[in-house]
Structure formats: C-alpha cells, structure tokens
Amino acid sequence: MGYLVQHVLFAVFTVGLGLYFFIKAFFMPSTAAHFPTIIASLVFILTASMVVEALRKVRRGSGVPISKAPEEKILVPRVVSYVALTAVYIFLIPRIGYFVATPIFMIISYSYLRALGTFKILLVSICFSIFIYFLFVWFLKLPIPMGLLEPFFES
C-alpha cells in the first residue's frame, strides 16, 4: 500500500471517529458537549494537516514508500490479551466505579506495555484520576460512576 493511500485511509478513519463524537455531542447537555466538540474539531484539523503533509511529501518525492520501511512483527497474543484487558476494564467501570477501575487499568496497562517505571506508573495513574475528577465531577458537574467510592462522595 502506497504512502499517500495509507495516510488517506487513516484520515478517513479518524474523520469518521471525529464525526461520531461531533454528532454525539449534539445529544449531550450543553456543558458536556463542549469537550467532545473541541476534541472532534482538533481531530479534523490535525487529520487535514496530516493529509496535506503527506501530499507535499509525495510531490517532493520524500514520502517513504511502505515497501522500504522496516516491518515489525505484530504480536497477536499480546494484542488480544490487551484488548481483553480493555474489555474487562469497560465491564468493571459501572460495577466498581471509574475512579477505582481506571487507576488499576492504567497500572496494569503501563506495566504490561513496559511503558514506564513503577514510580512513574503510580504517579501518572493517580494524577490522571485526580485530573479527571476535578475536570468532570467538580468543574463540569457530570456524573461519573463512583461504584465503591459512592459513600465517600455523596453530597
């Protein structure tokens, strides 16, 4: 598959994903609709810039042909196990709560992917959860499944 074709196919996928969030935002409360609308708009802008850059590279002849790029073998069992981990995470959110499931998922994911050291994994997981709490629960006043933490956050 050619360099430009690969970029165009990816652009079609990302525009479709952006459209999905953009359309879903119309059915959300006005305060909640801002975030997906902004994200979708950024996706559209970045996708357009990616396609323009790919076109420029092809015209200059500097686009790397896919056939000359080094190929990496996809580790199917690793991908399948990560997808299963993600499915378990999605299943657990309404049961144990977002703020319990997410740090656990992030810690397991980062460890499994060997992305960071132990201290950084814990720091990122905790800081991300705190950021999400303040953004969505405190600032935007959106309901997030609290699960096991419900007794601590009753108002």
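The values are calculated or read from the model by the stated rules, or taken from the named source; none is laboratory data. Predicted, not measured: the structure shown is a model, and the values here were computed from it. Here Cβ is always computed from backbone atoms with ideal geometry, including for glycine, and neighbour counts include all displayed protein chains. Side chains included, ligands, DNA and RNA excluded: accessible areas come from the protein's heavy atoms. Shrake-Rupley method; radii C 1.70, N 1.55, O 1.52, S 1.80 Å.
Of the residues A115, A101, which single one is over 20 Å from Y133 (Cα atoms) and either under 17 Å from the mean Cα position of the chain (by Cα) or open to solvent by 80 Å² or more (accessible area, probe 1.4 Å) (or both)?
Just a single option satisfies the conditions, and that option is A115.
Please pick out the residue among R95, R56 that is basic (K, R), surrounded by 11 or more Cβ atoms within 10 Å (Cβ to Cβ), at pLDDT 85 or above and within 23 Å of V12 (Cβ to Cβ).
R56
Please name all residue pairs, on different chains or six or more residues apart, with Cβ atoms under 7 Å, provided the first residue is in region 124-140 and is outside the structural domain of I107 (by TED's automatic domain parsing) and the second residue is among the acidic types (D, E).
Qualifying pairs under 7 Å: none.
State yes or no: is S41 within 18 Å of the chain's Cα centre (by Cα) and closer than 30 Å to F136 by Cβ?
yes
Just one of the numbered conditions (1) open to solvent by 90 Å² or more (accessible area, probe 1.4 Å); (2) more than 20 Å from I90 (Cα to Cα); (3) part of a helix (DSSP H, G or I) is not true of C127; which one?
(1)
Suppose the filter is farther than 21 Å from F35 by Cβ, open to solvent by less than 60 Å² (accessible area, probe 1.4 Å) and modelled with pLDDT under 90; does L85 pass it?
Spelling it out, it is not the case that L85 is farther than 21 Å from F35 by Cβ, open to solvent by less than 60 Å² (accessible area, probe 1.4 Å) and modelled with pLDDT under 90.
Every residue in region 131-154 that is hydrophobic (A, V, I, L, M, F, W, C), assigned to a helix (DSSP H, G or I) and surrounded by 12 or more Cβ atoms within 10 Å (Cβ to Cβ), please.
Across region 131-154, the qualifying residues are I132, L135, F136, V137, L148, L149.
List every residue pair whose Cβ atoms sit under 6 Å apart, with the two residues 6 or more apart in sequence or on different chains, where the first one lies in region 93-116 and is closer than 26 Å to L142 by Cβ and in the same structural domain as I130 (by TED's automatic domain parsing) and the second, anywhere, is open to solvent by 30 Å² or more (accessible area, probe 1.4 Å) and among the aromatic types (F, W, Y).
Listed pairs, sorted by first residue: A101/Y89; F105/Y89.
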